[in-house]
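Novice: Provided herewith is a single structure, encoded as structure tokens, for subsequent inquiry.
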Amino acid sequence: MEVEVRAVWRQNIVEELTLMLELVGRYRFIAMDTEFPGFLRSTPRYASEEERYRDLKSNVDSMKVIQLGITLFDEQGNMPFPRCCCWQFNFSDFDPVKDAHSEASLELLKRSGIDFDKMRSQGVEANLCSIMLQQVLRSCHGIRWITFHGLYDVAYLLKLLTGAPLPDTLHGFLILARSLLGRCYCWIDISSGHHLSRSFQYYTMQ
């Protein structure tokens, strides 16, 4: 079954976040995903947790989020309406001419249908989205976040919500994630060697 994607732009962000505010009290599971302009630093396969975090922090601090995807559902997996609701927030902050990015990632995003000219002219400013999204999150306790190999997704979400660089240490990152997001279930392949993912999964679920 195809799911309706509600595109969020500057002209309809108030309307869409008002709808989300009405629903999130009953649909407290949030699956989230982000699009971002690639990686400037790659991490060796057998790097330590702290090394992985340093690379993650360097990448996220240096670049800007392009899109944020959010889907609401309840504990039975039901969505608010048939085929709905999944929101795609389109941000205006990223400038492909001036801002740091990976060329390969940018080309992939273009082939996937992202129109960077439209994003720049009609997208939402990240700081405005942050203020309004925080209002939604404060209105409801007990939200559960779902990500899929989503450490970078969570990192970009934290940067969006705080408007600040990520904490200097992995421990600080985990505390911040717990403080702002509460429980976050990070679905991972345990055999993949993503030790940082295991730490994140363990800490935020406590």
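Novice: Among residues belonging to the stretch 159-171 that are over 17 Å from the mean Cα position of the chain (by Cα) and open to solvent by 20 Å² or more (accessible area, probe 1.4 Å), point out the one that is modelled with the lowest pLDDT.
Specialist: The extreme case among them is His171.
This table checks each residue for (1) out of contact with any Cys (no Cβ under 7 Å at 6 or more places or on another chain); (2) part of a helix (DSSP H, G or I); (3) loosely packed, with under 13 Cβ neighbours inside 10 Å; (4) of a type in the set (A, V, I, L, M, F, W, C).
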site: Ser58; (1), (2), (3), (4): yes, yes, no, no
site: Leu68; (1), (2), (3), (4): yes, no, no, yes
site: Gln76; (1), (2), (3), (4): yes, no, yes, no
site: Met79; (1), (2), (3), (4): no, no, no, yes
site: Lys98; (1), (2), (3), (4): yes, no, yes, no
site: Ile114; (1), (2), (3), (4): yes, no, no, yes
site: Asp117; (1), (2), (3), (4): yes, yes, yes, no
site: Ser130; (1), (2), (3), (4): yes, yes, no, no
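Novice: Which numbered condition in (1) over 27 Å from Gly172 (Cα atoms); (2) under 18 Å from the mean Cα position of the chain (by Cα) is the only one that Lys57 fails?
Specialist: The number of the failed condition is (1).
Novice: Still on this structure: In the stretch 1-13, how many residues are at pLDDT 90 or above and open to solvent by 30 Å² or more (accessible area, probe 1.4 Å)?
Specialist: Of the residues in the stretch 1-13, 5 are at pLDDT 90 or above and open to solvent by 30 Å² or more (accessible area, probe 1.4 Å).
Novice: If you check Glu16, Glu22, which single one turns out to be open to solvent by less than 30 Å² (accessible area, probe 1.4 Å), within 30 Å of Asp115 (Cβ to Cβ) and of a type in the set (D, E, K, R)?
Specialist: Just a single option satisfies the conditions, and that option is Glu16.
Novice: How do the pairs read when you match residues in the stretch 95-123 that are under 10 Å from Ile66 (Cβ atoms) with residues anywhere that are hydroxyl-bearing (Ser, Thr, Tyr) and modelled with pLDDT of 95 or more, using Cβ under 7 Å and keeping only pairs 6 or more apart or on different chains?
Specialist: As it stands, the answer is Met119/Ser92; Gly123/Ser92, since those pairs meet every condition given.
Novice: Can we say Leu151 is surrounded by 14 or more Cβ atoms within 10 Å (Cβ to Cβ), of a type outside the set (Gly, Ala, Ser) and closer than 24 Å to Phe73 by Cα?
Specialist: yes
Novice: I'd like the full set of residues that are within 15 Å of Met32 (Cβ to Cβ), open to solvent by 10 Å² or more (accessible area, probe 1.4 Å) and either polar (S, T, N, Q) or out of contact with any Asp or Glu (no Cβ under 8 Å at 6 or more places or on another chain) (or both), limited to the stretch 81-94.
Specialist: Scanning the stretch 81-94 gives a single hit, Gln88.
Novice: Then there's this: So which residues in the stretch 25-48 are open to solvent by 60 Å² or more (accessible area, probe 1.4 Å) and farther than 16 Å from Ile66 by Cα, if there are any at all? Explain how you work it out, then say what you get.
Specialist: Taking the stretch 25-48 as the starting set, the residues that turn out to be open to solvent by 60 Å² or more (accessible area, probe 1.4 Å) are 26, 28, 33, 35, 39-42, 44-46.
The answer is Arg26, Arg28, Arg41, Ser42, Pro44, Arg45, Tyr46.
Novice: Next up: Quickly run through the stretch 7-56 and pick out the residues that are in a strand (DSSP E or B) and under 29 Å from Val97 (Cβ atoms).
Specialist: Result: Ala7, Val8, Met32, Asp33, Thr34, Glu35.
Novice: Related question: Which one is farthest from Glu125 (Cα to Cα) among residues in the stretch 70-94 that are of a type outside the set (A, V, I, L, M, F, W, C) and touching a residue at least 60 places away in the same chain (Cβ under 8 Å)? Explain how you work it out, then say what you get.
Specialist: Residues of the stretch 70-94 of a type outside the set (A, V, I, L, M, F, W, C): 71, 74-78, 80, 82-83, 88, 90, 92-93.
Now drop any that are not touching a residue at least 60 places away in the same chain (Cβ under 8 Å), which leaves 71, 83, 88, 90, 92.
Working: Thr71: 21, Arg83: 28, Gln88: 14, Asn90: 9, Ser92: 5 Å.
The extreme case among them is Arg83.
Novice: From the list Tyr203, Tyr185, Tyr156, pick out the single residue that is at pLDDT below 95, in a helix (DSSP H, G or I) and in contact with a helix residue (DSSP H, G or I) (Cβ under 8 Å, 6 or more places away or on another chain).
Specialist: Testing whether each residue is at pLDDT below 95, in a helix (DSSP H, G or I) and in contact with a helix residue (DSSP H, G or I) (Cβ under 8 Å, 6 or more places away or on another chain) leaves just Tyr203.
The values are calculated or read from the model by the stated rules, or taken from the named source; none is laboratory data. Predicted, not measured: the structure shown is a model, and the values here were computed from it. Please note: Cβ atoms are built from the backbone with ideal geometry, for glycine as well, and neighbour counts cover all protein chains shown. SASA here: full protein model, heavy atoms, side chains in, ligands and nucleic acids out. Shrake-Rupley method; radii C 1.70, N 1.55, O 1.52, S 1.80 Å.
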